[in-house]
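Undergrad: One structure, as structure tokens, below. Some questions next.
Where a number appears in this text, it was derived from the coordinates with a stated rule and is not lab data. The structure displayed is predicted, hence computed values, not measured ones. Here the Cβ positions follow ideal geometry from the backbone for every residue, glycine too, while neighbour counts run over all protein chains shown.
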């Protein structure tokens with residue numbers, strides 16, 4: 001466990017000197033990845049912005065960035081990026097009991113356990129609070145029955161973050177609880193889903209009397225909605241962590257090879273995400289190589305796209321700056337999510353203008369070995385994943401513009417609310 005010393009009162013110079021000295025004495029690229037990360041978590045430098053009791057130093061986000069700079073200076077590796085595991089870590093840190101933190105946090109940071117997020121359901125769409133997966137307490141443990149879908153990494157996860165309904169006689173947001181589920185037990189069945197772009201990034205998961213111990217509820221029974229909001233807030237920041245890990249230089253040595261192998265597993269479901277975002281970075285070169293840049297109508301659409309993309313990036317930077325200064329996330333999350341959908345659709349349109357009918361071709365003789373075609377069939381996903389465009393517009397309208405909320409037909413006891421059936 002982390003040292004008890006809390007460095008929250010240190011200035012930048014003192015902190016930099018402390019972490020530099022520790023790295024000089026402890027960083028060893030000949031260690032195995034697990035051995036190094038165990039040493040790292042026990043030192044408190046694993047997550048310096050976390051409390052000293054839980055593998056951190058209690059410093060601010062700005063000073064945590066200083067620690068990251070010193071690690072990068074000597075090419076020292078950090079904790080596991082973990083994909084959904086990082087979401088599990090921040091959620092458990094905020095809402096878990098001390099026993100749950102002791103059980104799960106270190107193994108998430110070292111990469112020994114893989115996680116998935118069991119939220120979406122076939123009949124609920126973006127309405128997480130409409131979950132109908134059941135959690136019934138039999139006097140000693142919870143029995144789980146139902147189905148989840150669009151679950152990344154479920155096929156190799158050790159544990160899952162599960163939102164399930166524990167009370168059907170209260171309004172829907174009040175009847176949910178948040179659990180840690182053992183994914184390797186009988187009663188949990190996982191099937192990978194093949195997408196139209198050829199990838200299989202997601203899974204559907206079926207529960208038949210799967211079991212959860214009574215002490216594996218995060219927070220309190222019935223408080224699942226509030227816990228889920230924590231996970232969702234951090235989910236929007238996860239892409240930056242994954243991109244940073246994937247972009248690491250290919251350094252030589254066993255520990256770097258281990259990390260690259262780990263990163264390949266974590267990043268595999270996300271290989272098509274750049275295409276989902278529209279690949280604005282390809283537009284300029286494609287327009288020049290095909291001669292489309294000489295068409296004034298296409299050139300105008302390219303200009304519109306680049307303006308939209310740059311303004312969306314500025315919005316994202318504002319959100320990151322607010323986070324670094326410890327301010328709560330504002331409307332930038334929904335604004336950025338909606339902007340990313342608009343940019344992706346505009347990029348898909350521009351790629352089609354540039355390539356013409358060839359945009360539909362795949363294979364070695366197609367534009368960019370099929371990348372353009374993959375963009376066209378992947379872009380629709382960005383308007384659905386992580387909250388649909390319609391949901392984001394509602395959030396912006398109600399919370400930013402102060403407009404009246406939509407009339408609701410799902411108030412009162414959840415058992416009386418009309419539900420989709422599948």
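Undergrad: Mind telling me which of 402, 222, 123 comes out most flexible in a GNM of the chain, alpha-carbon contacts under 10 Å?
TA: Greatest mean-square fluctuation among the candidates belongs to 402.
Undergrad: If neighbour count is taken as other Cβ atoms inside 10 Å, put 119, 137 in order from fewest to most.
TA: Least to most surrounded, the residues fall as 137, 119.
Undergrad: With the Cα gyration tensor of the stretch 1-79 giving a ≥ b ≥ c as the square roots of its eigenvalues, does the rule (a/c under 1.5 for rounded; else a/b larger than b/c for prolate; else oblate) give rounded, prolate or oblate?
TA: Judged from the Cα gyration tensor, the stretch 1-79 comes out oblate (a/c at least 1.5, b/c at or above a/b).
Undergrad: Also, I was wondering about something else. Using the 10 angstrom Cβ neighbour count as an exposure proxy, how do 410, 215 rank, fewest first?
TA: 215, 410
Undergrad: Something else about it: In nm², what is the average projected area of the convex hull enclosing the Cα atoms of the stretch 85-236?
TA: Working: hull surface 35.6 nm².
Averaging across all directions leaves 8.9 nm² for the Cα convex hull.
Undergrad: If the elastic network links every pair of Cα atoms under 10 Å, which of 311, 152, 110 fluctuates the most in the Gaussian network model of the chain?
TA: Of 311, 152, 110, the Gaussian network model singles out 311 as fluctuating most.
Undergrad: In the calculated pair distance distribution of the chain, what percentage of Cα-Cα distances lie above 36 Å?
TA: Value for the chain: 33 percent of Cα pairs lie more than 36 Å apart.
Undergrad: Given the -39500 (n - 2.57) contribution per DSSP H run of 4+ residues, what per-residue ellipticity at 222 nm results for the chain, rounded to the nearest 500 deg cm²/dmol?
TA: -14000 deg cm²/dmol
Undergrad: Under 10 Å, Cα contacts only: if you run a Gaussian network model on the chain, which one of 350, 217, 19 comes out with the highest mean-square fluctuation?
TA: Among 350, 217, 19, the largest mean-square fluctuation in the Gaussian network model of the chain belongs to 19.
Undergrad: Could you give the alpha-carbon Rg of the stretch 272-400 over 2.2 N^0.38 Å, rounded to two decimals?
TA: 1.16
Undergrad: Shape call for the stretch 60-140 from the C-alpha gyration tensor, a ≥ b ≥ c root eigenvalues: rounded (a/c under 1.5), prolate (a/b greater than b/c) or oblate?
TA: Here the stretch 60-140 falls in the prolate category.
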